[in-house]
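Peer 1: For reference, the structure I am asking about is given below.
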């Protein structure tokens, strides 16, 4: 890889808030969840996991081409859609392509199509972490927490979801954490939400998902405060209007 390409990749990682070295995190679980403390490695190196990587796709599409397509998903979604749909015809079993295509449609403002692809991705690849996280976000948007629990098999820790793995990619950790933090916040599991947010903030402090998680936690605190005030006003003897 040329120096220019290395510098370009490093710049893209900085913009996305991706750390430049492996980090090991001990995830702090809420005691209410009954989970043990678990540690695993978070890396930025490509993992090429069995069952996720499509060998034919990796051979046919070079790393720089894959990076170019990923850039287009953000910068020029219509162009990305055109290239990804052509690739999916050749490699229909590559879960990454469906994930990227749903993101491209979302970035293009075609949310119905994006949701359709998210659902299709989960149906085809139910163990694929990004398919699970993306589909769980659909249920979060609807306020259906039971759906999130079902998708995650009620295991809100990466190591519990994938006990055979010791290493997770940073993007996997970010995608999972973003969903889990919002789920915990909505479910009233404040300690679990804060603990996972602290881990996310350390691993990817400038990532948009981290900023979103912070706003989710702030909004949940405000919502709970408003609810407490409403309950006090409702139960206060002075709140009853005079006849």
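The values are calculated or read from the model by the stated rules, or taken from the named source; none is laboratory data. Please read these numbers as outputs of a predicted model, since none were measured by experiment. All Cβ positions, glycine included, derive from the backbone under ideal geometry; neighbour counts span all protein chains shown.
Peer 1: When residue 69 is evaluated against the numbered criteria (1) more than 20 Å from residue 200 (Cα to Cα); (2) modelled with pLDDT of 95 or more; (3) in contact with a helix residue (DSSP H, G or I) (Cβ under 6 Å, 6 or more places away or on another chain), which criterion, by number, is the only one it fails?
Peer 2: For residue 69, the exception is condition (2).
Peer 1: Moving on to the next point. Can you tell me how many residues in the range 158-186 are out of contact with any helix residue (DSSP H, G or I) (no Cβ under 7 Å at 6 or more places or on another chain) and under 24 Å from residue 120 (Cα atoms)?
Peer 2: Matching residues across the range 158-186 total 4.
Peer 1: For the list (1) buried (at least 20 other Cβ atoms within 10 Å of the Cβ); (2) on the phi > 0 side of the Ramachandran plot, I need the number of the one condition that residue 188 fails.
Peer 2: All conditions are met except number (1).
Peer 1: Tell me, which helices (runs of 4 or more DSSP H) wholly within the range 37-94 include 1 or more residues that are surrounded by fewer than 16 Cβ atoms within 10 Å (Cβ to Cβ) and under 21 Å from the mean Cα position of the chain (by Cα)?
Peer 2: 63-75
Peer 1: Still on this structure, please answer the following. Taking the range 128-170, which residues are more than 21 Å from residue 216 (Cβ to Cβ), in contact with a strand residue (DSSP E or B) (Cβ under 9 Å, 6 or more places away or on another chain) and assigned to a helix (DSSP H, G or I)?
Peer 2: Passing the criteria: 159, 160.
Peer 1: Here is a follow-up. Looking only at the range 118-136, which residues are in contact (Cβ under 8 Å) with a residue 24 or more places away in the chain and surrounded by fewer than 17 Cβ atoms within 10 Å (Cβ to Cβ)?
Peer 2: 124, 127
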